[in-house]
Amino acid sequence: MCKRSILNYHRMALLRIPKAYTECNSAPVMKLKLPFSLLSAVLAVFTIAASGAHAVEVPEGYTSNYLAAPDELYDFRSGNQKVAFLLDGSVVVSPSSATWWQSGALMSGDSVLFTIEEDGDPYSLTFKDASYQAFNLSGSLRIEDIGRVSFADIISSGAIRSRIVQMLRNKSVAFEGNTAGYGGAIGGESTSSSSQVEISDNYGAVTFTGNRAAYQGGAIYGSVSMERNRGDVNFGGNYTTTSNSNTYGGAIYGTTISIADNAGDVNISGNYATSNRSSYYYCYSYGGAIYGTTISIADNAGFVSISGNYASSTYSSSTPSDFSYGGAIYGAENAQIILEGNRGGMGISGNYTVAVTSYGGAIYGANNAHISIVNNEGNIDITENGFSETGSHLTTYGGAIYLSRGELNIRDNANLVTVKGNRARYGGAFYSESSVINLAATKGSIIIESNSTYNNSDSGGAIYGTGTTLNLVAEGGDVIFSGNTAYSGGAVYGEGNTINICNNTGEVSFVDNAASYRGGAIYDTSSVINICNNTGKVSFTGNTAQTGAAIYGGSLVIQNNESVVFEQNLESSERLRSIYLSNTLADGGKFHVSAAAGKSVTFSDGIYVATETDGQVVNVVLNGSYIASDESEIAQGGDIIFDGGQVEGVLRELLGTEPTAEQIAESQTSYVG
């Protein structure tokens, strides 16, 4: 590698020396052959000019040139050369300033570098108001160590088409209002090829706003690394839209996307992907803001906002077949979606999908995707996803997150995680198909509240799962489901799920959830609900439903806990009945309840367990031994309390009127057949 030293000599009137000399292995390429007297004068000037100058790294094989005016680019606008430009003043390039930029790319060829002398002024570089892209390069475009970098309103084939794009250590970077078929601001060297984009270590903001692509990547089409920038990172109002195809990634479409370790805020807001078709058979849109396989938003110091993004599809037909996936983020098959280690808090809000059938108001994870919201330090708010501000556009499955055959982890976050006010037809907050959901309050608490479905026949106010394992872990904080509503399963609705509330030191509680039909807190007649080995309290309080005010299920196992309480859960027939076990499991259900020695399980409300006379079998075992995870057997000798002594007063308080004798009797009677 040769090191090219650029010397600030060209302003000198005494003698003009070539603008650069090259040192390779300490051997100068340029040799001066002058008379001694003239050589002395040259050396004197040379010494003055070189004082304070530093070497600037220019890759081997590049031709170096100073740039002070747009027309100085003219000689290099095409060809296979590699060119380095050192800014000698701020430059604005537009068709009005460079009249020859009126047909085709401004510069095409191999590779281009823009920079300044190491001690030079941070001049700015602007490209704008053109009908053709600024660069179409088979190699790379590098812009580094200058002032403001701006590409605006370049409306054909995007601002930059290059295999590699690097923007490093600049004062700020901005792309606004650029347009293309693929990658409105940045894309690969050909129309539909992707780019490798690195925008890192810049001193100010990095901003992409109002860029548009017809098909994929409203702002960027390619793999992206945006790391260690000192200012904010903003993606706002970028979009993909077309009337003759599907759309992907309103802001970014790429395989690997990393927005990490930035000092400012990260704002991904108001981006969208829309598809409107009147022919063909189907219409799809994917990822209102981001479409990718590995998506990492991690270790940022500022606040992370993912808000107001949407994916929308409309198929104009008498039998519409339109689908949309991931209002903000679409993770492709086997995707890793990582929101980790951010220190300034996070908000995922107001994202939604629009179609006859739509999935994941904020985040969609395709088959075998893993979604991780882990180890963040600030508060996390996942709020009001699944519907537009007017309420006219509503997500079908998973108001906040949809997951298929994958895993969702919300765990190890230092402060409060709030999942609130999300809506969908099925699974107001989360919809899970054959997946694992881990909600682990190992440090801060997790509160899941006021999520809902929006039709009278829709289920899973907070979570809808099919063939899903739901693990609720409260070790450093609490896990609370509060005020969620649905037709069935006010908080959780399942088909063939396993729900584990086990090994917790903190509190797990279901409070004031409501279902208009069955299972005020939990509904799943083909599931197993395990409440076991908790030293923290587990409680179901104030939940309501027509049948099974707290739980309407198939099997319930409560063993070896410190304290489990069911109280003030009210069925719509105005009786206190927490649990209704109506088994649909092929091998029969079970109601196994035991209390550790010196501990208790308290049923202050009535319960109902189906028997053979109901055409079902539920095996009942009270105070049987508990089999621990290491397969050891732990005897149970605590109290199982069916306490109806306070029923009359509780009913009076809840109903606001004097309860009837029948209501009191039904609430006091725990039928365990």
| If only one of Thr453, Thr469, Thr442 is over 28 Å from Gly345 (Cβ atoms), β-branched (Val, Ile, Thr), surrounded by fewer than 22 Cβ atoms within 10 Å (Cβ to Cβ) and free of Cβ contacts under 8 Å to residues at least 40 places away in the same chain, which one is it? | Thr469
| query | open to solvent by 10 Å² or more (accessible area, probe 1.4 Å) and either farther than 20 Å from Thr357 by Cβ or assigned to a loop (DSSP other than H, G, I, E, B) (or both), is that true of Asn262? | reply | no
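Need at least 2 residues that are of a type in the set (A, V, I, L, M, F, W, C) and open to solvent by less than 10 Å² (accessible area, probe 1.4 Å) per element, so show me which strands (runs of 3 or more DSSP E) inside the stretch 477-580 make the cut, counting only ones lying wholly within it. Full working, then the answer.
On the way: elements: 479-482, 485-488, 492-495, 498-502, 508-511, 514-518, 522-532, 537-541, 551-559, 563-567.
In the stretch 477-580, 479-482, 498-502, 508-511, 522-532, 537-541, 551-559, 563-567 are the strands (runs of 3 or more DSSP E) which contain 2 or more residues that are of a type in the set (A, V, I, L, M, F, W, C) and open to solvent by less than 10 Å² (accessible area, probe 1.4 Å).
Conditions (1) open to solvent by less than 20 Å² (accessible area, probe 1.4 Å); (2) outside any loop (DSSP other than H, G, I, E, B); (3) at pLDDT 75 or above; (4) in contact with a strand residue (DSSP E or B) (Cβ under 7 Å, 6 or more places away or on another chain), marked per residue:
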site	(1), (2), (3), (4)
Lys590	no, yes, yes, yes
Ala595	yes, no, yes, yes
Thr602	no, yes, yes, yes
Asn619	no, yes, no, yes
| Which one is farthest from Asp119 (Cα to Cα), of the residues in the stretch 73-100 that are modelled with pLDDT of 90 or more and polar (S, T, N, Q)? | Ser94
| task | State all residues of the stretch 128-163 that are of a type in the set (Phe, Trp, Tyr) and at pLDDT below 95; if no residue qualifies, say none. | result | Tyr132, Phe135
| field | Complete set of residues in the stretch 456-466 that are within 18 Å of Glu407 (Cβ to Cβ) and open to solvent by 10 Å² or more (accessible area, probe 1.4 Å) | value | Tyr464, Thr466
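Okay, residues lined up against (1) open to solvent by 50 Å² or more (accessible area, probe 1.4 Å); (2) on the phi > 0 side of the Ramachandran plot:
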position: Ser162; (1), (2): no, no
position: Arg169; (1), (2): yes, yes
position: Ala174; (1), (2): no, no
position: Gly177; (1), (2): no, yes
position: Ala180; (1), (2): no, no
position: Gly188; (1), (2): no, no
position: Gln196; (1), (2): yes, no
position: Ser200; (1), (2): no, no
position: Gly204; (1), (2): no, no
| note | Within the stretch 56-111, the residues that are surrounded by 14 or more Cβ atoms within 10 Å (Cβ to Cβ), of a type in the set (Ser, Thr, Tyr) and part of a strand (DSSP E or B) are Ser64, Tyr66, Ser108, Ser111
| remark: Per the list (1) in contact with a Gly (Cβ under 9 Å, 6 or more places away or on another chain); (2) of a type in the set (Ser, Thr, Tyr); (3) over 20 Å from Ser275 (Cα atoms), residue check on Ser296 breaks on (1)
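Being under 27 Å from Ser313 (Cα atoms), within 20 Å of the chain's Cα centre (by Cα), buried (at least 24 other Cβ atoms within 10 Å of the Cβ) and of a type in the set (Gly, Ala, Ser): is that true of Gly237 here?
Numbers: under 27 Å from Ser313 (Cα atoms): yes; within 20 Å of the chain's Cα centre (by Cα): yes; buried (at least 24 other Cβ atoms within 10 Å of the Cβ): no; of a type in the set (Gly, Ala, Ser): yes.
The answer is no for Gly237.
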| said: Based on this model, can you work out whether Arg161 counts as within 25 Å of Ala273 (Cα to Cα) and out of contact with any His (no Cβ under 7 Å at 6 or more places or on another chain)? | reply: yes
| message | For the stretch 395-426: of the residues being of a type in the set (Lys, Arg) and farther than 22 Å from Gly490 by Cα, which is surrounded by the most Cβ atoms within 10 Å (Cβ to Cβ)? | response | Arg411
| note | Scanning the stretch 240-259 residue by residue, the ones that are surrounded by fewer than 24 Cβ atoms within 10 Å (Cβ to Cβ), in contact (Cβ under 8 Å) with a residue 40 or more places away in the chain and in a loop (DSSP other than H, G, I, E, B) total 2
| Given the stretch 376-420, what strands (runs of 3 or more DSSP E) lie entirely inside it while holding 2 or more residues that are within 25 Å of Ala301 (Cβ to Cβ) and touching a residue at least 12 places away in the same chain (Cβ under 8 Å)? | 380-383, 407-411, 417-420
| the stretch 167-205, residues that are of a type in the set (Gly, Ala, Ser), in a strand (DSSP E or B) and under 11 Å from Tyr221 (Cα atoms) | Ala180, Gly181, Gly187, Ser195
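The values are calculated or read from the model by the stated rules, or taken from the named source; none is laboratory data. The shown structure was predicted, so the numbers you read here are calculated from the model rather than taken from an experiment. Using ideal geometry, Cβ is built from the backbone for each residue, glycine included, and neighbour counts are taken over all protein chains shown. Surface accessibility is based on the protein's heavy atoms, side chains included, excluding ligands, DNA and RNA. Shrake-Rupley method; radii C 1.70, N 1.55, O 1.52, S 1.80 Å.
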